[in-house]
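The values are calculated or read from the model by the stated rules, or taken from the named source; none is laboratory data. Not measured: the values here are computed from a predicted model. Glycine gets a Cβ as well: all are built from the backbone with ideal geometry, and neighbour counts include every protein chain shown.
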Amino acid sequence: MYDPRERERIDVRDPATGNAIDDVPRGTVEDVEDAVSRAVDAFATWRRLPTGERAGLLHGVASGIRSHQDSLARLLTLESGKPLRDSVAELDLAAETFDFYAEVGRTDVGRMIAPGDPDQIDFTRYEPYGVTACITPWNFPLQLLAWKMAPALAAGNPVVVLPSPLTPLATLKFAEVATGHLPPGVVSVLTGFGPEVGEALVLHRDVPHIALTGSVQTGQVVMAQAAKRLKKLTLELGGKDPLVVAPDMSVDEAVPPIAFAGLLHAGQCCTSTERVYVPRASFEEFTEALAAFVSVMRLGPGMDSTTDMGPLINNDAVDRVASQVDEAVIGGARLVTGGRREGVEGGSFYAPTVLAHVDPSSRLMREEIFGPVLPISPYDDFDHVIAMANDSEFGLAASLLTRDAALAKRFYEEVDAGTIYINDPLTPNYAAPFGGMKSSGLGRELGVEGLDQFRQVKHVHWDVVGRAKDAWRTS
Ligand code: NAD
């Protein structure tokens with residue numbers, strides 16, 4: 001598809017050093033045309049393939065991912081900065097997602113409906129939309145691609161993939177592995193910038209469905225563009241997730257999961273804990289213990305097995321996080337630990353940071369920070385903390401630490417978030433739906449609900465005998 005000699009190239013950098021590790025072509029509108037037209041050709045046969053055969057091919061992709069896990073994980077760590085163990089876990093989840101949708105897509109094909117007349121049959125059947133754009137961010141490029149690509153393919157759609165220009169390398173290799181198990185044209189990958197190649201893909205007349213994970217701002221742009229042709233949309237966007245520690249939890253029990261939830265991938269998960277609420281009576285004790293726990297974490301390259309936390313994706317991200325922290329401190333917040341650039345020369349590192357008494361109306365408490373920053377606030381009672389948890393335009397996920405079943409029930413009933421984690425924050429389950437309420441998105445990925453995003457339902461009403469009806473007579 002690409003002739004590397006003729007293309008402008010985009011450097012891909014290792015966030016741990018700032019050095020370029022490779023480059024990829026800067027895609028053009030012609031590349032979009034080419035990929036979509038091959039996908040349209042592939043659709044004609046892919047949609048009609050018996051679901052058992054499709055299942056076999058998708059299981060093949062899963063085993064291909066497992067047999068290339070090592071090289072894929074290393075590439076992912078090099079370009080994203082995340083610790084190697086996290087890249088390995090991402091690939092496990094990607095392979096499991098293909099196995100899951102292979103089986104759900106094989107058996108879940110529609111349902112019989114009670115007819116209005118004994119000589120009639122009513123049933124539904126699921127049909128694919130057609131060429132599906134899978135647009136992914138840089139933080140979990142392969143996991144989030146699998147969450148789109150596996151159900152899209154299982155439902156009979158070919159896909160055209162656009163990874164972030166910051167992390168295209170593992171996606172290119174992943175697609176190479178997948179295409180080895182699939183017919184030509186069913187999967188294509190574009191590289192380039194979202195406002196160029198992404199926009200051309202979103203606007204393309206032969207792309208009826210766009211599945212995007214990214215920021216709220218990108219979601220808004222894509223939604224406006226998709227509206228021109230009333231395209232089907234799945235949007236997984238940002239979050240500002242709260243974590244509440246109930247009064248029954250000790251500091252020792254609560255601090256490690258809080259640190260995990262806030263600092264996994266340096267706080268660059270869509271479901272990162274970005275607001276921590278603890279009982280007022282033990283606020284100072286929690287604050288000091290959390291600061292002590294995170295301040296000894298080792299920062300370093302993801303390839304180093306002793307690294308607890310890797311770099312942010314690039315220096316722009318470090319600047320953005322630093323400016324939000326500085327602004328909060330000027331606004332009266334107490335910097336308990338961190339609040340500074342740190343780590344290996346040339347790398348995009350920022351120290352794990354704990355802030356106390358942050359103004360609830362500040363940017364740090366309202367906008368997604370996407371960095372290793374934990375603002376901690378006290379609450380008076382459970383009514384108070386539920387109101388604070390819900391005081392956000394986002395609603396992606398929310399976490400509670402407690403052994404008190406009554407509080408757990410109140411929390412999952414009253415907090416507005418697409419996922420509620422109780423005592424186990426940030427743990428995905430490929431069989432359960434994932435997605436956001438409020439500004440955090442539209443639709444769901446994973447689970448059977450995630451397959452529904454990629455298929456449309458058709459109702460067939462059939463009078464088997466074909467008798468003439470009274471209503472047809474003229475008077
Ligand atoms: P981003 O919005 O900058 O980019 C996401 C993707 O959209 C990239 O591939 C980009 O090339 C593409 N894009 C950008 N402009 C486009 C356009 N006009 N048309 C079509 N495509 C376009 O996001 P990012 O910085 O890569 O990722 C971080 C964001 O993703 C955060 O906001 C994070 O919360 C969110 N995220 C959400 C989830 C979730 O499941 N809800 C998961 C991970 C990340």
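Quick notes on this structure:
- Checking each residue in the range 69-110 for being in contact with a Lys or Arg (Cβ under 9 Å, 6 or more places away or on another chain) and either part of a loop (DSSP other than H, G, I, E, B) or charged (D, E, K, R) (or both) picks out GLU79, GLU90, ASP92, ARG106, VAL109, GLY110.
- Residues in the range 165-180 that are within 15 Å of the ligand (Cβ to nearest atom) and without any contact (Cβ under 8 Å) to a residue 40 or more places away in the chain were compared, and the one that is surrounded by the fewest Cβ atoms within 10 Å (Cβ to Cβ) is ALA175.
- The set of residues in the range 311-331 being surrounded by 15 or more Cβ atoms within 10 Å (Cβ to Cβ), away from the ligand (no atom under 16 Å from the Cβ) and under 26 Å from the mean Cα position of the chain (by Cα) consists of ALA322, VAL325.
- Search result, residues across the range 254-300 that are of a type in the set (Asp, Glu) and over 29 Å from PRO137 (Cβ atoms): GLU284, GLU285, GLU288
- In the range 195-216, the residues that are within 9 Å of the ligand (Cβ to nearest atom) and touching a Cys at 6+ places or on another chain (Cβ under 9 Å): ILE210, LEU212, THR213
- The residues listed here are PRO183, PRO242; of these, the one that is outside any helix (DSSP H, G or I) and within 16 Å of the ligand (Cβ to nearest atom) is PRO242.
- Among the residues making up the range 245-290, those that are assigned to a loop (DSSP other than H, G, I, E, B), in contact with a strand residue (DSSP E or B) (Cβ under 6 Å, 6 or more places away or on another chain) and farther than 22 Å from ASN429 by Cβ are PRO247, MET249.
- Pairs, first closer than 10 Å to LEU235 by Cβ and in a loop (DSSP other than H, G, I, E, B) in the range 201-222, second within 7 Å of the ligand (Cβ to nearest atom) and among the small types (Gly, Ala, Ser), C-beta under 9 Å, six or more apart: GLY214/SER164; GLY214/GLY194; GLY214/GLY238
- Taken over the range 159-179, the residue count meeting the criterion of being in a loop (DSSP other than H, G, I, E, B) and touching a helix residue (DSSP H, G or I) at 6+ places or on another chain (Cβ under 6 Å) is 2.
- Cross-chain or 6+ apart pairs with Cβ under 6 Å, the range 343-362 first and within 21 Å of MET297 (Cβ to Cβ), then modelled with pLDDT of 95 or more and among the aromatic types (Phe, Trp, Tyr): GLY343/PHE349
- Check on GLY192, outside any helix (DSSP H, G or I), over 18 Å from the mean Cα position of the chain (by Cα) and away from the ligand (no atom under 14 Å from the Cβ): no
- Qualifying residue in the range 145-163 (condition: more than 23 Å from ALA94 (Cα to Cα), buried (at least 24 other Cβ atoms within 10 Å of the Cβ) and either within 14 Å of the ligand (Cβ to nearest atom) or of a type outside the set (Val, Ile, Thr) (or both)): no
- All of (1) over 26 Å from the mean Cα position of the chain (by Cα); (2) near the ligand (Cβ under 10 Å from one of its atoms) hold for GLU288 with one exception: (2).
- None of ILE113, ILE135, ILE65 is of a type outside the set (Lys, Arg) and within 16 Å of the ligand (Cβ to nearest atom) except ILE135.
- Checked across the range 86-106, the condition of being under 22 Å from VAL457 (Cα atoms), charged (D, E, K, R) and surrounded by fewer than 21 Cβ atoms within 10 Å (Cβ to Cβ) holds for at least one residue.
- Residues located in the range 52-85, provided they are crowded, with 19+ Cβ neighbours inside 10 Å and not hydrophobic (A, V, I, L, M, F, W, C): ARG54, GLY64, THR77, GLU79, SER80, GLY81, LYS82, PRO83
- Options ALA266, ALA261: the member that is on the phi > 0 side of the Ramachandran plot, within 16 Å of the ligand (Cβ to nearest atom) and within 17 Å of the chain's Cα centre (by Cα): ALA266
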